[in-house]
Amino acid sequence: MLTPEAVRESVVKFQKRPLEDDTEFGTLQVEKQRLESLLVTKKYFVKRLQLLYQQLDKTRNYQEFVDVLMNSKPLLREVFTLEGQTRRTQCGDVEVDWSRFSMDAGEYLRQNDQLMSLQNAGML
């Protein structure tokens, strides 16, 4: 298959331009740096949780258990409070318009009375 001349010229022009000048490449680099720093933060958080678990596992009585928990207040606050959760999940809920990618099952069921009655009966 032969490549059209306009496409070939566009590819040659793109290949001659330095990659660092491309805005999409710059955007990807920034996102890569953000994700790498997020990964480091997550790994640090997991290590702290593992250390806490090891310390809790070594406790022999209730007082030692409470002492370990009291010494780990910042970590526990980060794990169990809303502030810690919102820091880790900044993107929130994502809604996807599935009809763009495939058939909408709900709409398909609503269009067919027999299928709708089967779903209402709990058979689907």
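Just so it is clear, none of the values below were taken in a lab; they were calculated from the coordinates. Model, not experiment: these values are computed from the prediction. Methodologically, a virtual Cβ is constructed for each residue, glycine included, from the backbone with ideal geometry; neighbour enumeration extends over all protein chains shown.
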Note down the nm distance, to one decimal, between modelled labels 7 Å out along Cα→Cβ at residue 46 and at residue 15.
-> 4.0 nm
How large is the convex hull of the Cα atoms of region 14-88 per residue, expressed in Å³ as a whole number?
-> 96 Å³
With 0.36 nm assigned to each residue of separation and the Cα-Cα distance removed, residue 58 to residue 38 gains 4.2 nm
In which sequence would 117, 72 go, from the one with the fewest C-beta neighbours within 10 Å to the one with the most?
-> 117, 72
